[in-house]
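Take a look at the structure below.
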Amino acid sequence: MKSSYEIITNEQIQEKIYLYLAIAGSIVVSVVVVGVALSMEEKNKIISSYGLILDFIGVTLASYTFIFPLKKKAQPGMQFSSNLPQYRAQALAEYADKHGLKLQIGFCLIALGFLMQLLGNWV
């Protein structure tokens, strides 16, 4: 009988901590950049450029899953079985678990970069 509670592993907790640290670090650095840029003459260009850099980094991290698709190379002596769709589904699930954190951090950086560009246009 399945419980309504999921078992949370140490790896999942560690991934969440990394995600929160990456987001918090990005926000802190963004606040520092905005604070320094507000004292400069070309503040809107600096803030917009920083937002664009965050967007580039975020898109790179988010698209990492799609740029390097899951491929299984055939080894000498490897036998193929009829359960290939099951293997493919399991392999895709493992791949998504492995790179899901990069995808989440990438989307957060894209959103933060977009906000920085908006701020740069309105400051």
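The values are calculated or read from the model by the stated rules, or taken from the named source; none is laboratory data. Please read all numbers here as calculations on a predicted model, not as lab measurements. No Cβ is skipped: glycine too gets one built from the backbone with ideal geometry, and neighbour counts run over all protein chains shown.
Applying the condition of being in a helix (DSSP H, G or I) and among the small types (G, A, S) to region 72-112 and asking which residue is modelled with the highest pLDDT yields A111. Among residues belonging to region 104-123 that are within 12 Å of the chain's Cα centre (by Cα) and surrounded by fewer than 17 Cβ atoms within 10 Å (Cβ to Cβ), point out the one that is farthest from L52 (Cα to Cα). Ranking the candidates gives F107 first.
Table: residues versus (1) buried (at least 16 other Cβ atoms within 10 Å of the Cβ); (2) in contact with a strand residue (DSSP E or B) (Cβ under 9 Å, 6 or more places away or on another chain); (3) aliphatic (A, V, I, L, M); (4) modelled with pLDDT under 90.
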residue: I7; (1), (2), (3), (4): no, no, yes, yes
residue: E11; (1), (2), (3), (4): no, no, no, yes
residue: Y18; (1), (2), (3), (4): no, no, no, yes
residue: V36; (1), (2), (3), (4): no, no, yes, yes
residue: I46; (1), (2), (3), (4): yes, no, yes, yes
